[in-house]
Amino acid sequence: MSKPRAKLTGNFPGCPVESTLSFLDGKWKGVILYHLLEDGTLRFNELRRRIPAVTQRMLTKQLRELEEAGLLSRTVFPVVPPRVDYALTPIGRSLEPVIAALRLWGKEHVICEGGKKYMVMPEAEKPSRAA
């Protein structure tokens, strides 16, 4: 069985695309980054409310991997009940153009309705008439 891309840290073929994707690899990482870019610092339960389909265990796992990669910081406040804030690091914020491009592409080419996703094909370029 093959290892997930994020776990192959010592064997990149030198491709910048694959290297970048290794940090974003995970069903919820891109969504987490999107919400932190849009809303700034968020607590665990605020993230959970914004991503209702994610389980607590999976959200914790994805947040830990993003923290380990240096893309987000985790601040624990010594209060009862415990308060934990998540925020993007400068290197995490540098992914903004990547996340923005994914968002734009999705808005233009994907329709979500009735619990299903549909791909919208771009219109073919209309041939210009010679005058």
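The values are calculated or read from the model by the stated rules, or taken from the named source; none is laboratory data. Keep in mind the model is a prediction, meaning the values are calculated, not measured. Glycine also receives a Cβ, built like all others from the backbone with ideal geometry; neighbour counts cover every protein chain displayed.
Name the pairs whose Cβ atoms lie under 8 Å apart, with the first residue in the stretch 63-82 and within 16 Å of Arg93 (Cβ to Cβ) and free of Cβ contacts under 8 Å to residues at least 60 places away in the same chain, the second of a type outside the set (D, E, K, R) and part of a loop (DSSP other than H, G, I, E, B), and 6 or more positions between them or separate chains?
From the stretch 63-82, the pairs are Gly70/Thr89; Leu71/Thr89; Leu71/Leu95; Leu72/Thr89; Ser73/Thr89.
Out of Phe23, Phe12, which single residue is buried (at least 17 other Cβ atoms within 10 Å of the Cβ) and either in a loop (DSSP other than H, G, I, E, B) or modelled with pLDDT under 95 (or both)?
One residue alone meets the criteria, Phe23.
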